[in-house]
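The values are calculated or read from the model by the stated rules, or taken from the named source; none is laboratory data. Computed from a prediction, not measured in an experiment: that's the story for all the values here. FYI the Cβ positions are ideal-geometry reconstructions off the backbone, even for glycines, and counts take in every protein chain you see. Only protein heavy atoms, including side chains, enter the accessible area calculation; ligands, DNA and RNA are left aside. Shrake-Rupley method; radii C 1.70, N 1.55, O 1.52, S 1.80 Å.
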Amino acid sequence: MKRVFRWALYALSLTALLGMLSACGPKQTTDSPPPTQTQPNDTVPEDTQPQSPTNTPDTNETPQTTQPSDQTPPDPNAITFFDCGTLELSHSGEQTGRENFEEFLNITGVGTSATIQITQYTTEGDPIVSTLSYDNGAYTLKVDNTADAFAAQDNRGVTETTWKRLVITETTSNDTLYQVFRLTNLDEGAVTSDTPDGTDVCTLFREPLTDA
């Protein structure tokens, strides 16, 4: 009886020992796949170099200044032909509008076109109207004596003549010194107080300067 018990105890101990040995041995585990390694990107990246900036106007640049033209454009409102008004000369020598004639002399003296109307009166008081114009370097005298009742019939009417220059001479008559304005086609300096009127000389009018 005791022998059987011992064998049973021995078998039980052996079984327990084998169980302990199997528990301490290596365990079979499922192999997990190795972690996936990141592969280097073989794609060549696009050119990351900075591109040249687009040519844009520099707002800080100083604006170019337009140079003035050497030639001044003509003024469309500028007067190209001056009307200097009228000059009236009575038979007694009185003058009205003498300053207008002075203006005519000044304007035409610098080559500007101008015109003036000169009215002279006969002894009987009849008007003789002359229009004196200067343009393109020449003088034009238009005389209307149709209102002169005592003018010769063959000399009455409107005449128009052209002259190269206007000259001023001096002459003395009845102890009075006169300044004489004359139109001429003669050369400069050729007209004197003794040069008579004719086809090359025409007396426009005269005015007293001093009394003797």
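Couple of notes before you dig in:
- The sole residue among THR199, THR123 that is within 22 Å of THR86 (Cβ to Cβ), part of a loop (DSSP other than H, G, I, E, B) and among the β-branched types (Val, Ile, Thr) is THR123.
- Flag for GLU103 being in a strand (DSSP E or B), without any contact (Cβ under 8 Å) to a residue 60 or more places away in the chain and within 20 Å of PHE81 (Cα to Cα): no
- So THR146, is it part of a strand (DSSP E or B) and either surrounded by 19 or more Cβ atoms within 10 Å (Cβ to Cβ) or without any contact (Cβ under 8 Å) to a residue 40 or more places away in the chain (or both): no
- Every test in (1) under 23 Å from GLU94 (Cβ atoms); (2) open to solvent by 50 Å² or more (accessible area, probe 1.4 Å) is passed by ASP187 save one, and that test is (1).
- Qualifying residue in the range 165-181 (condition: over 35 Å from the mean Cα position of the chain (by Cα) and in a loop (DSSP other than H, G, I, E, B)): yes
- Close pairs (7 angstrom Cβ cut-off, 6 or more residues apart or separate chains): of a type outside the set (D, E, K, R) in the range 77-98, open to solvent by less than 90 Å² (accessible area, probe 1.4 Å) and in a loop (DSSP other than H, G, I, E, B) anywhere: PHE82/THR112; GLY85/GLY97; THR86/GLY97; LEU87/GLY97; HIS91/THR122
- Lone unmet requirement of (1) in a strand (DSSP E or B); (2) open to solvent by less than 40 Å² (accessible area, probe 1.4 Å) for THR161: (2)
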